[in-house]
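Beneath this line is the structure, given in structure tokens, with notes to follow.
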Amino acid sequence: MAHRLVFVGNISVDKVENVHGVRVQPGGAALYAAVAARTLSTNVTLVSAVGGDYQFPEVLEKIGDSHVKVYNMPSTKFHIRYNDRWEARYVKTSWGANPKVSSVAGLVKEFEPNAIVHISPMKPAKVAKILKEITDVSPRTKVSINTWIDYLKESRKNRRILRHLASMADFFILNDTEVKTLTQTDSISTALRLLDAKMLVVTLGQLGAIINEKNRGIQMVPALNIPVEKIVDTTGAGDAWCGAFLATYDLTEDLMKSISVASIISSIKCSGWGFDNLINLRFKRPDDVIDYVVGLKEGSFQKSLTDYTSG
């Protein structure tokens, strides 16, 4: 039976500047992850907070089960500027309503034990608090944690908290730069040995991911990538990867398929602004995502994204 996928974290209004122009669009790690998961699963719940000035309510309606509280204060806002190598610089950050993201313990209790909670990047101390609340009320609920490079660079205390959280979570997802920063080493292989986790997932971009499981050891899973003509916007690519990975793994328990599907969904996201290419995208099963890419690579019977789009 498929689990309820609960995504907790920030929703923001992003001003994004890159080589293709400037756009103000909905964003936030939890929202990107939830939208990506919705391409594969209808059992998606979003938990977050916005201000009364939030200008994209129709996006939240698309999620379906949205537990987003509205506060009488400004929404979280990010101004992100990318160079021609797609390296991001946060020009301005205004946290607004994001710190108001509330506990999910009551909600998790409602879904117990059939839930997977993904805690998107937030202050490590807050993530630790949310994780404790979840495990106290529903110890059988699976928890996934993802973080942000700036939290890892901010302080030794943050790194200490996150290393402890890695050992507690069922899924701990980082990219290659983040795992090296967390363990203060220049080697991914060394980082894998130093970091204690039930399932450590280290994403490697187009190469795929490295999985380190306590019961299975280390394995490298190459990605099946979609041939994107051009990258339009990389904002939220890692968050979309997390959402698609968890949704696929929940449906299949197949790591190789989960990583391939996550890489494809993330690539589709990057081929348009924000999550424009994902918001109405629906696949009946993870195999449809693989079939779509195989069709593109074969150059014969090609299904376009509109074949998998709902109104």
Residues of region 50-67 satisfying the condition of being at pLDDT below 95, within 23 Å of Ile145 (Cβ to Cβ) and outside any helix (DSSP H, G or I)
Asp65, Ser66, His67
Per the list (1) charged (D, E, K, R); (2) assigned to a helix (DSSP H, G or I); (3) over 18 Å from Leu5 (Cβ atoms), residue check on Glu110 breaks on (3)
Filtering region 226-282 for residues that are farther than 17 Å from Val19 by Cβ, among the hydrophobic types (A, V, I, L, M, F, W, C) and part of a helix (DSSP H, G or I) leaves a count of 16
Scan region 88-107 residue by residue and report those that are part of a loop (DSSP other than H, G, I, E, B) and out of contact with any helix residue (DSSP H, G or I) (no Cβ under 7 Å at 6 or more places or on another chain).
Trp95, Gly96, Ala97, Val101, Ser102
Looking only at residues that are closer than 21 Å to Trp95 by Cα, over 17 Å from the mean Cα position of the chain (by Cα) and touching a residue at least 12 places away in the same chain (Cβ under 8 Å) in region 18-47, which one is surrounded by the most Cβ atoms within 10 Å (Cβ to Cβ)?
Gln25
Does region 163-170 contain at least one residue that is within 17 Å of His67 (Cβ to Cβ), part of a helix (DSSP H, G or I) and without any contact (Cβ under 8 Å) to a residue 60 or more places away in the chain?
no
Please go through (1) over 25 Å from Arg4 (Cα atoms); (2) over 20 Å from the mean Cα position of the chain (by Cα); (3) among the hydroxyl-bearing types (Ser, Thr, Tyr) for Ser138 and return the number of the only condition it doesn't satisfy.
(1)
Every residue in region 77-113 that is over 25 Å from Ser144 (Cα atoms) and of a type in the set (Asp, Glu), please.
Asp84, Glu87
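The values are calculated or read from the model by the stated rules, or taken from the named source; none is laboratory data. Just so it is clear, the model here is predicted, and its values are computed rather than measured. All Cβ positions, even for glycine, are placed from backbone atoms using ideal geometry, and neighbour counts span all protein chains on display.
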